[in-house]
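The values are calculated or read from the model by the stated rules, or taken from the named source; none is laboratory data. Since the structure is predicted, the reported quantities are computational estimates derived from the model, not experimental observations. Cβ placement follows ideal geometry from the backbone for every residue including glycine, while neighbour counts extend to all protein chains displayed. In case anyone asks, the SASA skips ligands and DNA or RNA and just uses the protein heavy atoms, side chains included. Shrake-Rupley method; radii C 1.70, N 1.55, O 1.52, S 1.80 Å.
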Amino acid sequence: MAQADLETFSFQNTDGPKGWQGFSVEWQRGLIRGEAEGFWSLPMTEQHVAAWIKCVRRIHSEGRPVRVIADLRRAQTQSQEVASMVQRQVAGLYREGDRIAVIVEASLLKTQLRRVLNSDRAMYFPDADEGERWVLSD
């Protein structure tokens, strides 16, 4: 893979509880691999979501579907403020043909994510390999 084809983004809480979000984009494949852990502050999540949206829109502008693998097994259930902001920002972001594999084990977080994403393009998996197989299949 060419170096220019891969771009990485990382965001960390600067105050408050420990939390981290990051993702990489393989532009030619239209693939976004995200990870997050802990509890997310609103400012950190706003930065993360703004960068994420730009990446999804760039892939769409090139006429390709987006493939997402989001590993949230180390993330906690988030505050209502953070969840509501994410829900507002990603509403209508994904299109027909996009696939989002969310890797999550905790049922409370999974319930929150279903409400936030509110998308029939998302599937939830406890196993990362299973989620990746689904997202990359045609």
> When the range 26-45 is examined, which residues are found to be aliphatic (A, V, I, L, M) and either within 24 Å of Gln78 (Cα to Cα) or touching a His at 6+ places or on another chain (Cβ under 8 Å) (or both)?
Replying inline: Ile32, Ala36, Leu42, Met44
> closer than 19 Å to Gln112 by Cα and either open to solvent by 70 Å² or more (accessible area, probe 1.4 Å) or acidic (Asp, Glu) (or both), is that true of Glu46?
Replying inline: yes
> Right, Phe23: touching a strand residue (DSSP E or B) at 6+ places or on another chain (Cβ under 9 Å) and surrounded by fewer than 21 Cβ atoms within 10 Å (Cβ to Cβ) or not?
Replying inline: no
> Of the residues Ala36, Ala75, Ala83, which is within 10 Å of the chain's Cα centre (by Cα) and within 25 Å of Thr111 (Cβ to Cβ)?
Replying inline: Ala36
> How many residues are of a type in the set (Asp, Glu) and crowded, with 20+ Cβ neighbours inside 10 Å when one looks only at the range 91-102?
Replying inline: 1
>> So in the range 103-133, with the set limited to residues that are surrounded by fewer than 13 Cβ atoms within 10 Å (Cβ to Cβ) and of a type in the set (Lys, Arg), which one is nearest to Ala91 (Cα to Cα)?
In response: Arg115
